[in-house]
Amino acid sequence: MSLAPSIPAKPETTLDAIIATYNDVTERLKRSHDRLAGEVRRLRDQLDEKNRELARRERLAALGEMAAGVAHEIRNPLSGINLYASVLCQDLSDRPPCRQLAEKIVTGVRTLDGIVGDILVFANQTPPETRAVPVAQVVGAVVDLVEPERRAANTTIHVAPSVAGAEVMADFNQLQRAILNVTLNAIEAAGSEGNVWVSVAKEGGGTWTSINIADDGPGIDPSILDRVFNPFFTTKDSGTGLGLAIAHGIVEAHGGRVSVETRPGGGARFGLIVRAVGDK
């Protein structure tokens, strides 16, 4: 047993240790507080976004219900007008100038019927019947469908190699309608001697597939970017403003989302983001 007297620690050494420990604990508490505050902000922003999305869906549901009722009321008399105008065209076969006027009525009725059809599609979107769908097959069908518009606009469509081999979980007909609407919009935006690009990119580590449609048109004014998917909103002289709204609704019904941005170099780029095959 040692008989050497114990030497008490210097008071200043003990105080320094206490202060150092206090500072360390304080710093760790501050970092924890900052992390928690950041998480709270993130969750609050996420909640705000979900609330805005829910409010938008409720507005769209109410608008769709009203639009469907109006569309049905319009379609009934349109059928009668179309029938009588067609009969009139036949009766005026020996009077070409009068027949041309009757044919203009028929053309106008068909245009109105197409608008009514778009309204009903927007209002009565059925739940998608999803299966594994090759993106190349859908894009190929869309390219064939838009050929008259592409020729009339003298626009070139470029389909990227990334489209081949990509598969998504989707309803073939609904996805085709969504891509068709966005592609028609891109062709019109690109205009004469313009270009439209269709490509595919993986997102979320391969969980999602983004089907991208881009053009080299004038682009979209940043002030209206958040309105382009609103039904009946359009900057064109003609059209109902339902094409992009229908595409947005279809992709949302698939559990996906639609993005829009200004394309580097000019124009716009839309992304239809849907679940990739193999992900649950």
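We did not get these values from a lab; they are worked out from the coordinates using the rules stated. This is a predicted model, so every value here is computed, not measured. Using ideal geometry, Cβ is built from the backbone for each residue, glycine included, and neighbour counts are taken over all protein chains shown.
Some observations on this one:
- A dipole drawn for the chain from +1 and -1 charges on Cβ atoms has a positive end, and of L225, A247, G204 the residue lying farthest that way is G204.
- Relative contact order computed over the chain (Cα-Cα under 8 Å; 6+ residues apart), in percent: 14 percent
- With Cα atoms, 0 to 90° folded angle of helix 11-91 axis to the chain main axis: 10 degrees
- Between the residues P264, S93, G191, the greatest Cα displacement towards the positive end of the dipole of the chain, with unit charges on the Cβ of Lys, Arg, Asp and Glu, is found for P264.
- Projecting the Cα atoms of H158, G114, A178 onto the charge dipole of the chain (Cβ charges, centred on the Cα centre) puts A178 farthest toward the positive pole.
- Residue-averaged 222 nm ellipticity for the chain, from DSSP H runs of 4+ at -39500 (n - 2.57), nearest 500: -20000 deg cm²/dmol
- Total lysine pairs whose alpha carbons fall under 26 Å of each other in the chain (8 or more apart, or interchain): 4
- Placing unit charges on the Cβ atoms only, positive for Lys and Arg and negative for Asp and Glu, gives the chain a dipole magnitude near 400 debye about its Cα centre.
- Highest average packing first - 35-48, 149-162, Cβ atoms within 10 Å: 149-162, 35-48
- Angle of helix 96-123 to the longest C-alpha principal axis of the chain, folded into 0 to 90 degrees and rounded to 10: 20°.
- Calculated translational diffusion coefficient of segment 131-275 (25 °C, 0.890 mPa s; Stokes-Einstein with Kirkwood radius over alpha-carbon pairs) equals 163 µm²/s.
- Anisotropy class of segment 47-177 from Cα gyration tensor, a/c 1.5 cut: oblate
- Taking every alpha-carbon pair in the chain and binning the separations at 5 Å intervals from zero gives 1, 5, 9, 11, 12, 12, 11, 8, 6, 4, 3, 3, 2, 2, 2, 2, 2, 1, 1, 1, 1, 0, 0, 0, 0, 0, 0, 0 percent.
- Between the Cα long axis of helix 135-145 and the first principal axis of the chain there is an angle of about 30°, rounded to the nearest 10.
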